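See below for the structure under consideration.
The values are calculated or read from the model by the stated rules, or taken from the named source; none is laboratory data. Source: prediction; values computed, not measured. Cβ sites come from the backbone with ideal geometry, for glycine too, and all protein chains shown count toward neighbours. Note: areas computed on protein heavy atoms with side chains; ligands, DNA, RNA excluded. Shrake-Rupley method; radii C 1.70, N 1.55, O 1.52, S 1.80 Å.
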Amino acid sequence: MTSMTGEAGHVVLPDDAGARLRALRRADRTPLLGLAGPPGAGKSTVADALARQAEADGMRAVVVPMDGFHLANPVLDALGRRGRKGAPDTFDVAGYVALLRRLRAPGRPVVYAPAFDRGLDAGLAGAVAVAPDVALVITEGNYLLHDDGGWRDVAPELDAVWWVGCDDTERRRRLVDRHQHLGRSPRDAAAFVAESDEANARLVGPGAARASYVVTTGRAAGPA
């Protein structure tokens, strides 16, 4: 197994992770692997671990986060949604789907995707270059298996979607730590997790049943 330590703690990739990544190879276009799961489950850490696994197997891989499509804070303020940042209607889902379709297009040129800077609490346009010869794109976010509104158009653009799971107590602890690191007081961090992050976790939970595979941060993983 391959291990990686990050914000999500100890991540152990199952022994067949490399084989599953290699099975996604396509000769006609760049394959897209999605990682879905609740806030704090460790999606970005698992995405980085999988990208390293792919690179070790000779597959050039790039991670493209869904969070690059967060609406900007001034827009959220104008819409009255700033206090719910991270909810499904605080993203440009149509823009995200359009990006996935561009990435899937055969013979495409280089695509520049946005990233998200947690320190700035803002998206960064054109921060991730995805060249035509990239062998695998890994995209991760809460709502890849959400089936409401424009989010239902995401999964059909992905070649596979895996679920990233975690013990809820540990997941909430990570989230509180994250928000404190970004400047919230312990009390405000705990309140935001309870009122916002956990609402989003409950919302995406049913998507786990639609995933083709599960990776659990901190212990072994297996088929969904």
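Are any residues in the stretch 140-159 of a type outside the set (A, V, I, L, M, F, W, C) and under 19 Å from ALA87 (Cβ atoms), and if so, which ones?
GLU140, GLY141, ASN142, TYR143, HIS146, ASP147, ASP148, GLY149, GLY150, ARG152, ASP153, listed by residue number.
Would you confirm, using the coordinates I've provided, whether THR139 is in a strand (DSSP E or B), open to solvent by less than 50 Å² (accessible area, probe 1.4 Å) and in contact with a helix residue (DSSP H, G or I) (Cβ under 7 Å, 6 or more places away or on another chain)? Can you show your working first?
Numbers: in a strand (DSSP E or B): yes; open to solvent by less than 50 Å² (accessible area, probe 1.4 Å): yes; in contact with a helix residue (DSSP H, G or I) (Cβ under 7 Å, 6 or more places away or on another chain): yes.
In short, yes.
Quick one: is ASP57 modelled with pLDDT of 95 or more, farther than 26 Å from GLY207 by Cβ, open to solvent by 30 Å² or more (accessible area, probe 1.4 Å) and of a type in the set (Asp, Glu)?
Details: modelled with pLDDT of 95 or more: no; farther than 26 Å from GLY207 by Cβ: yes; open to solvent by 30 Å² or more (accessible area, probe 1.4 Å): yes; of a type in the set (Asp, Glu): yes.
So ASP57 does not fit the description; no.
Out of the stretch 8-20, which residues are at pLDDT below 80 and surrounded by fewer than 15 Cβ atoms within 10 Å (Cβ to Cβ)?
Within the stretch 8-20, just HIS10 meets the criteria.
For the stretch 21-54, which residues satisfy the criterion of being in a helix (DSSP H, G or I), open to solvent by less than 10 Å² (accessible area, probe 1.4 Å) and either closer than 16 Å to VAL111 by Cβ or in contact with a helix residue (DSSP H, G or I) (Cβ under 9 Å, 6 or more places away or on another chain) (or both)?
LEU21, ALA49, LEU50, ALA54
If GLY126 passes every condition in (1) farther than 30 Å from GLU195 by Cβ; (2) not in a strand (DSSP E or B); (3) not hydroxyl-bearing (Ser, Thr, Tyr) but one, which one does it miss?
(2) is the only condition that GLY126 fails.
Run down VAL75, VAL134, VAL111 and say which single residue is among the β-branched types (Val, Ile, Thr), open to solvent by less than 30 Å² (accessible area, probe 1.4 Å) and free of Cβ contacts under 8 Å to residues at least 40 places away in the same chain.
VAL111
Just one of the numbered conditions (1) hydrophobic (A, V, I, L, M, F, W, C); (2) buried (at least 18 other Cβ atoms within 10 Å of the Cβ); (3) free of Cβ contacts under 8 Å to residues at least 60 places away in the same chain is not true of ALA194; which one?
Result: ALA194 passes all but (2).
Would you check which residues across the stretch 77-91 are in a helix (DSSP H, G or I), modelled with pLDDT of 95 or more and either of a type in the set (Phe, Trp, Tyr) or over 23 Å from TRP163 (Cβ atoms) (or both) and list them?
Listed by number, the residues that qualify are ASP77, ALA78, LEU79.
Checking the structure you have, find out if any residue of the stretch 82-97 is surrounded by 13 or more Cβ atoms within 10 Å (Cβ to Cβ) and closer than 24 Å to LEU21 by Cα. Let's see the steps before the verdict.
Filtering the stretch 82-97 down to residues surrounded by 13 or more Cβ atoms within 10 Å (Cβ to Cβ) leaves 82, 84-93, 95-97.
Now restrict to residues that are closer than 24 Å to LEU21 by Cα: 96-97.
Among the residues of the stretch 82-97, at least one is surrounded by 13 or more Cβ atoms within 10 Å (Cβ to Cβ) and closer than 24 Å to LEU21 by Cα, which makes the answer yes.
Looking at the stretch 167-180, is at least one residue open to solvent by less than 50 Å² (accessible area, probe 1.4 Å), of a type in the set (A, V, I, L, M) and either farther than 27 Å from GLU195 by Cβ or not in a helix (DSSP H, G or I) (or both)?
No, there is no match, as no residue in the stretch 167-180 is open to solvent by less than 50 Å² (accessible area, probe 1.4 Å), of a type in the set (A, V, I, L, M) and either farther than 27 Å from GLU195 by Cβ or not in a helix (DSSP H, G or I) (or both).
Would it be correct to say that ASP121 is closer than 23 Å to SER196 by Cα and free of Cβ contacts under 8 Å to residues at least 24 places away in the same chain? Steps first, answer last, please.
Details: closer than 23 Å to SER196 by Cα: yes; free of Cβ contacts under 8 Å to residues at least 24 places away in the same chain: no.
No.
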